Amino acid sequence: MLSLANAFSPEEVVEFIARVRRFLGLEPEQPLEVTAEPKIDGLSIALRYESGRLVEAATRGDGFEGENVTANVRTIRSIPHALEAKVAPEVFEVRGEIYFGRADFAKLNVEQRAAGGKVFANPRNAAAGSLRQIDPTITATRPLRFFAYAWGEAPELPADTQHGVIDAFARWRLPVNPLMRTCASAADLIAYHRGIEAQRPSLDYDIDGVVYKVNSLDWQERLGFVSRAPRWAI
């Protein structure tokens, strides 16, 4: 699991872009694309596909070891048991977030309260509790959702950019966030954040910020990590 550095002001976003450009040795006129997307407040999950078929699902845990929840994940309607495209790699680990929609969460708590069951404090806890049920038939009754936004083990990638890989996910019929954008400057990133901030009350899911990632995968590799925090994301 990535440990992201945080930016709490527009100035820190400007510094992030300047830092990336310095590290890469970019000339002032060289473009730098950065993707931007809402940071979903849910439960991180890794889905392993082999020959296009879902064979294993695990919570991300500490980033090295998680909990096998394959049977439960198979009950989530938005997660395909098989990838649609014939060009999907032989082995591919999709990473993303399982979450509750706000309306579904409110309905669940009404039902739980009426039945004398556990009332959840927030949608994230509800998603975690629902996914970790011992009986998958209980998970199947919960309207869990999923967004794919990253990958783990992948001997080959379908594109050479962050946004390109996410576009491939969509072609494979994996749900991806339609609010993801590619930005060309710090000003664009700041404007995106302000736009998401304005939309936040009307979104049907909880977020706890936005995530920016350098779009070029070659540049991501060059930028690398500091401890477990990527230099190419914030």
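Please go through segment 70-80 and give me each residue that is open to solvent by less than 60 Å² (accessible area, probe 1.4 Å) and in contact (Cβ under 8 Å) with a residue 40 or more places away in the chain, ordered by number.
71, 72, 73, 75, 76, 78, 79, 80
Any residue in segment 31-55 that's in contact (Cβ under 8 Å) with a residue 60 or more places away in the chain and over 22 Å from residue 158 (Cβ atoms): show its pairings with residues that are in a strand (DSSP E or B) and among the hydroxyl-bearing types (Ser, Thr, Tyr) at Cβ separation under 6 Å, as long as the two are six or more apart or on different chains.
40/99; 42/99
When segment 110-124 is examined, which residues are found to be surrounded by fewer than 17 Cβ atoms within 10 Å (Cβ to Cβ) and either in a loop (DSSP other than H, G, I, E, B) or not basic (Lys, Arg) (or both)?
Correct list: 110, 111, 112, 114, 115, 116, 117, 118, 119, 121, 122.
Would you confirm whether any residue within segment 87-104 is more than 25 Å from residue 203 (Cα to Cα), modelled with pLDDT of 95 or more, buried (at least 20 other Cβ atoms within 10 Å of the Cβ) and of a type outside the set (Lys, Arg)?
Checked against the condition, which is being more than 25 Å from residue 203 (Cα to Cα), modelled with pLDDT of 95 or more, buried (at least 20 other Cβ atoms within 10 Å of the Cβ) and of a type outside the set (Lys, Arg), segment 87-104 yields at least one hit.
Would a scan of segment 40-47 turn up a residue that is on the phi > 0 side of the Ramachandran plot and modelled with pLDDT of 95 or more?
There is no residue in segment 40-47 that is on the phi > 0 side of the Ramachandran plot and modelled with pLDDT of 95 or more.
Restricting the search to segment 44-53, which residues are open to solvent by less than 50 Å² (accessible area, probe 1.4 Å) and either charged (D, E, K, R) or part of a loop (DSSP other than H, G, I, E, B) (or both)?
Of everything in segment 44-53, just one residue is open to solvent by less than 50 Å² (accessible area, probe 1.4 Å) and either charged (D, E, K, R) or part of a loop (DSSP other than H, G, I, E, B) (or both), namely 52.
Name the residue that is farthest from residue 197 (Cα to Cα), counting only residues in segment 15-43 that are under 18 Å from the mean Cα position of the chain (by Cα) and crowded, with 20+ Cβ neighbours inside 10 Å.
43
Out of all the residues in segment 20-37, is one or more under 19 Å from residue 175 (Cα atoms) and either at pLDDT below 95 or of a type in the set (A, V, I, L, M, F, W, C) (or both)?
So far as segment 20-37 goes, yes, one or more of its residues are under 19 Å from residue 175 (Cα atoms) and either at pLDDT below 95 or of a type in the set (A, V, I, L, M, F, W, C) (or both).
Show the residue pairs that are 6+ apart or on different chains and have beta-carbon atoms under 8 Å apart, the first residue being within segment 134-148 and of a type outside the set (Lys, Arg), the second being open to solvent by 70 Å² or more (accessible area, probe 1.4 Å).
Filtered contacts from segment 134-148: 136/74.
Pick from 84, 67, 56: which is open to solvent by 50 Å² or more (accessible area, probe 1.4 Å), more than 18 Å from residue 132 (Cα to Cα) and not polar (S, T, N, Q)?
That would be 84, the only listed residue that is open to solvent by 50 Å² or more (accessible area, probe 1.4 Å), more than 18 Å from residue 132 (Cα to Cα) and not polar (S, T, N, Q).
The values are calculated or read from the model by the stated rules, or taken from the named source; none is laboratory data. These numbers were taken from a predicted model, which means no experiment stands behind them. Don't worry about glycine lacking a Cβ; one is built from the backbone with ideal geometry, like all the others, and counts go over all protein chains shown. Areas reflect the complete protein model, heavy atoms only, side chains present, ligands, DNA and RNA absent. Shrake-Rupley method; radii C 1.70, N 1.55, O 1.52, S 1.80 Å.
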